[in-house]
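Bear in mind these aren't lab numbers, they're just calculated from the coordinates by the rules spelled out. Here the structure is a predicted model, which means the values were calculated and not measured. Backbone-built Cβ (ideal geometry, glycine too); neighbour counts: all protein chains shown.
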Amino acid sequence: MKNSQLNQRSSNGTNSLKQRDPQKYARLMAEAQAPYKGLRSFIYLAFGASGSIGALVFLAQLAAGKDVTSALPNFALQVGLVVLMVRLFRWEKDN
């Protein structure tokens, strides 16, 4: 089969999918433009939740005055993680 016939056949297949099921076509095109967007959003949410729980634990340690020299950097790290995940999640939603 020649290239022109193959290109014509593939473009006809795309047009027929677009005509047969426009919702499925739109979903597939969105996934092709931004692959794994849902997975990335889930990861951002999961890591943000983990960071929030960690920050709460280290905040409790700081409030109790227990081992402040090691709890403070860990608390800062957890808060930084939460801030990063929120920014990435918002950036993902804007794009």
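Filtered by the rule that a residue be without any contact (Cβ under 8 Å) to a residue 12 or more places away in the chain, surrounded by 11 or more Cβ atoms within 10 Å (Cβ to Cβ), in a helix (DSSP H, G or I) and not small (Gly, Ala, Ser), the range 62-71 gives a lone residue, Val68. Candidates are the residues of the range 44-61 that are aliphatic (A, V, I, L, M) and surrounded by fewer than 15 Cβ atoms within 10 Å (Cβ to Cβ); the one that is nearest to the chain's Cα centre (by Cα) is Leu45.
The set of residues in the range 31-55 that are touching an Asp or Glu at 6+ places or on another chain (Cβ under 7 Å) and without any contact (Cβ under 8 Å) to a residue 24 or more places away in the chain is empty.
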